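Each remark here refers to the structure printed beneath this line.
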Amino acid sequence: MSIFNAQATASIQICRIMRPDDANIVGNVHGGTILKMIEEAGCIIGTRHCNTQNGDRCVAALARVERTDFLHPVFIGEVAHVSAEITYTSKHSVEVQVNVLSENIVTGAKKLTNKATLWYVPLSLQNVAKIIEVPLIEYSSPEQEEAGKKRYEAQKLERIETKVRNGEIIMSVSLPEPYTVAFSQSSLIHLIGPSDCTLHGFVHGGVTMKLMDEVAGIVAARHCKTNIVTASVDAINFHRKIKKGCVITVSGRMTFTSNKSIEIEVFVDADPLVEAEKGKYRAVTAFFTCISLDKENKPLLVPPLKLEGEEEQKQFEEGKARYLQKKAKRLADKECQQ
Amino acid sequence: MSIFNAQATASIQICRIMRPDDANIVGNVHGGTILKMIEEAGCIIGTRHCNTQNGDRCVAALARVERTDFLHPVFIGEVAHVSAEITYTSKHSVEVQVNVLSENIVTGAKKLTNKATLWYVPLSLQNVAKIIEVPLIEYSSPEQEEAGKKRYEAQKLERIETKVRNGEIIMSVSLPEPYTVAFSQSSLIHLIGPSDCTLHGFVHGGVTMKLMDEVAGIVAARHCKTNIVTASVDAINFHRKIKKGCVITVSGRMTFTSNKSIEIEVFVDADPLVEAEKGKYRAVTAFFTCISLDKENKPLLVPPLKLEGEEEQKQFEEGKARYLQKKAKRLADKECQQ
Amino acid sequence: MSIFNAQATASIQICRIMRPDDANIVGNVHGGTILKMIEEAGCIIGTRHCNTQNGDRCVAALARVERTDFLHPVFIGEVAHVSAEITYTSKHSVEVQVNVLSENIVTGAKKLTNKATLWYVPLSLQNVAKIIEVPLIEYSSPEQEEAGKKRYEAQKLERIETKVRNGEIIMSVSLPEPYTVAFSQSSLIHLIGPSDCTLHGFVHGGVTMKLMDEVAGIVAARHCKTNIVTASVDAINFHRKIKKGCVITVSGRMTFTSNKSIEIEVFVDADPLVEAEKGKYRAVTAFFTCISLDKENKPLLVPPLKLEGEEEQKQFEEGKARYLQKKAKRLADKECQQ
């Protein structure tokens, strides 16, 4: 098969239809969707090329992407075609050049939407710290090889420069002390897409709860540094609807720890972005209780929460009251059953 | 077929195999995955029931979930069975009770993992502000109806209480002024799951870039309140690998605005959670340039950035230099082509 | 609960709401989404049944899907109900019959959209090369058993006969003329991730079928420039397993057009990337039949295929023979029912 002969390990084509979840609310495909496809093509061709010789098996790891322009918007229903080829190899790196074309399969119109250059380094599957030697490609002319070498030297220089610059970043913000509320608190933002919504165009309650659970799990894992599972969720009221196209911020912070459980309060704030006059509003709040498990799925002791200030003290007391109430209810239920 | 007779509108069963993406790194299925399935079952049965009469068509919207316990962990490869039935109806709400069983289809073991109670309100598809009247269900005994009524009254009271409490929350934090850097800055956290990773267990560069683009888009949309598309991405270097199970924080803040473009700096910080001794580290940084489009996909003027303090002033100047440099290069490229 | 008594291991129901990402741009749910749900139901019931005895634990691997018709389009917001039961067992294989109903939970309308028959082979979890013995099911009558045996013998014969077809898709650089085979042919590439796979680490048959349907839809849309839905899939044999980490190339090309239908041949080639010495292999081939719909979901005339060369002429004749055979069978079935 022609695409599989020796030479053809040097090129690949990926395509797929752009779906509603790939795009924003007015139908423009996110640049990130395209970047992800570009990198998938690069990873496949790079990995394939570096495994065409004997020795250690490897996977191509992305080291650098050159500056990329998005020349035309892509829309839902169009097919994005990503074609990648290997254009230069050094001893330890592979240059992949990628073109993206969007095709409107209904009108037949095609547009060049991106050109990108990616650099990969092959890491051994046996030992991730080891970089494999790259099989060299052949060039159609000495000029082509020379141009590749120049690109290689230029990016190498830039990589060294930014490495030095980044090395200086020692997390500028002073990190809060471990085991405090501030240390583990976390938040995520999520743009409500079409597949998150009902026929009305409002988010499914289940989608919101899944994100809330995700944040609660991360907060607890930051505190405990162990395997975390959700043990219970207190009653949740959904007072206000959240519309397609909103950005939601889901934030969690610890309120209480018992010996073997952690209570986390989770807030969901909705921001209608485009209808700015409506303003941000709090859509949902809830308390999640998590436990920390060892390798046999047995509960572990939880490091106690270090409280800072009156507000945290007050919330801890309230959390304790909820904890004792639930415990009492559990005991009462057990007695009923006997 | 039995599931479609009149009575059977009152029960439904959903099941599916738990996949690696539904679970954390040691194979425990996320509580959020289960909560999402529970709510899907509730939404189907509630919507179906409220449309069994003439008049406006509607969709059941989740109003409340009662306290829920996770009795046993669920694992990858098990089948989660969610069965839901309608257990009470008031004039404007539907109570759905849900059981979740996990089945290990290889050993045959089955466990009850959750019991949940959800309250739905049917909203008209023609007019979302309108709540439809709920067709009443029949009860097997007056005691059963009485018990349902008690649950209904209890939750109604609690919903009113939390509504009052939440009404008082007028976004306690004083919001930053519009068009400042602080106003639009955003960050998200993401737990690196199996599908984000290569065979090595390190995150695909494309996954990181997609999240970076998502944050850049949200920052720009918060500033402009319009339709945003990515115009270009500066060179990105991937100095440090990010492992499966890490939590990454992707943060974006505006650095520069020209007449028709916005520059956003995006940072990716990785936190290995469980291997805490390694500490958080900055894995990637990049500059994204976005533009704001009108309904005909033409670029709009961008509201100028309000700078606060010397640091922001300095970053703006640097952004301006990058902008002018790119502009000069574009012009030079054009001349070359002529 | 009834689903867990002894007998009930022989039936299962899966359902979920169809989301925007399950459908094309005009809201028709992709045939591939339905095929994937069908296969998930079959895999659950098959795996569960083959583990009801002592001995090696196993997972049911899809070996063959009989010809499947899509009787009615399914739309976003509808609930797809997939019910599967085991209808025949031989020493080493399990026959699962599946019905798919679509339910519009807003209007209450229900339609039978698919009937499918799948054959599974149980592979040991300890040693994937080993096929487990299947526990035999009981039949309600000797006639029922006899009919099952006939189906078993018939498919066995066909599986032996169907050698993996070979063909290659050469992406031409110069733009081909509209309505030729070369004009519409397409291929996509997918890297097999963990959530695509069974506990063995082999790809679910349903994942493969979904991608095949996606390619068939793109090929047909390129030819017709209209809204395309899948009308039927000919029997598919799964000759070779595909492992996690493989890259699969799914390619489609038109073979035949009647007045109102298009036949597309789809190939799946697997490339183990890191185990390059194993080489690429053809894993699956199948014929999909698509139709083109207008805005009222009525079938449109299909532009005839322009044939180039003897090979295409020969394939067209073979496609025509399949088409006429199916048509004759449909007529015969109708007469039987009268």
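The values are calculated or read from the model by the stated rules, or taken from the named source; none is laboratory data. Computed from a predicted structure; not experimentally measured. Glycine gets a Cβ as well: all are built from the backbone with ideal geometry, and neighbour counts include every protein chain shown. Side chains included, ligands, DNA and RNA excluded: accessible areas come from the protein's heavy atoms. Shrake-Rupley method; radii C 1.70, N 1.55, O 1.52, S 1.80 Å.
What the table below lists for this structure:
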| read-out | value |
| --- | --- |
| Å² of accessible area per residue within the protein assembly as shown, as computed with a 1.4 Å probe and no ligands counted | 45 |
| Inter-chain Cβ neighbour average for residues C:218-230, partner chain, 10 Å | 2 |
| Solvent-accessible area buried by B and A, counting both chains, probe 1.4 angstrom, square angstrom | 7300 |
| Residue-averaged beta-carbon neighbours from other chains (10 angstrom radius) around C:102-109 | 5 |
| Label distances, nm, A:Lys298 versus same residue in remaining copies, Cβ-directed 7 Å point | 7.2, 7.2 |
| Using alpha carbons only: equivalent-ellipsoid semi-axes of the range B:77-148, gyration tensor based, whole Å | 31, 18, 8 |
| Cα-based helix-to-principal-axis angle, B:309-337 vs chain B, degrees rounded to 10 | 70 |
| Mean projected area (nm²) of the alpha-carbon convex hull when the range C:2-137 is viewed from all directions | 9.1 |
| Shortest-first distances to equivalent copies, position C:Glu310, nm, label 7 Å out along Cβ | 8.4, 9.6 |
| Coil-residue chymotrypsin sites (Phe, Trp or Tyr not before Pro) of the range A:177-236, DSSP, other Cβ within 10 Å capped at 15 | none |
| Between the range C:269-322 and the range B:228-259, the alpha-carbon center distance in angstrom | 41 |
| Volume per residue that the Cα convex hull of the range B:181-307 spans, once the total is divided by residue count, Å³ | 111 |
| Selected from A:Ile137, A:Ile160, A:Ile242 as most flexible by GNM, with chain A as the system and alpha-carbon contacts under 10 Å | A:Ile160 |
| Shielding score for A:40-50, defined as the mean number of other chain Cβ atoms within 10 Å | 4 |
| Residue of chain B nearest the B-to-A rotation axis [by Cβ], rounded angstrom distance | B:Leu188, 2 |
| Accessible area of chain C belonging to carbon and sulfur atoms, whole % at 1.4 Å probe | 53 |
| Degrees, to the nearest 10: C:205-224 long Cα axis against longest axis of chain C | 20 |
| Values of log10 I(q)/I(0), in the order q = 0.10 Å⁻¹, for the range C:240-336 under a Debye, Cα-only, solvent-free model | -0.42 |
| Sequence of C:Ser251, A:Ser140 from largest to smallest accessible area, 1.4 Å probe | A:Ser140, C:Ser251 |
| Pairs of lysine residues in the range A:2-162 - Cα separation under 24 Å, sequence separation of 8 or more or cross-chain | 13 |
| Nearest-20 debye value, chain C charge dipole, Cβ charges on Lys, Arg, Asp, Glu | 100 |
| Shortest-first nm distances, A:His239 label point to equivalent points in other copies (7 Å, Cα→Cβ) | 4.5, 6.4 |
| With eigenvalues of the C-alpha gyration tensor scaled by 5 and rooted, the protein assembly as shown, Å | 42, 41, 28 |
| Formal net charge of residues neighbouring C:Phe238 (Cβ-Cβ distance under 12 Å; K, R +1; D, E -1) | +4 |
| Rh (Kirkwood; distinct C-alpha pairs) - chain C, Å | 21.0 |
| Nearest 10 degrees, 0 to 90: helix B:142-167 Cα axis against chain B principal axis | 20 |
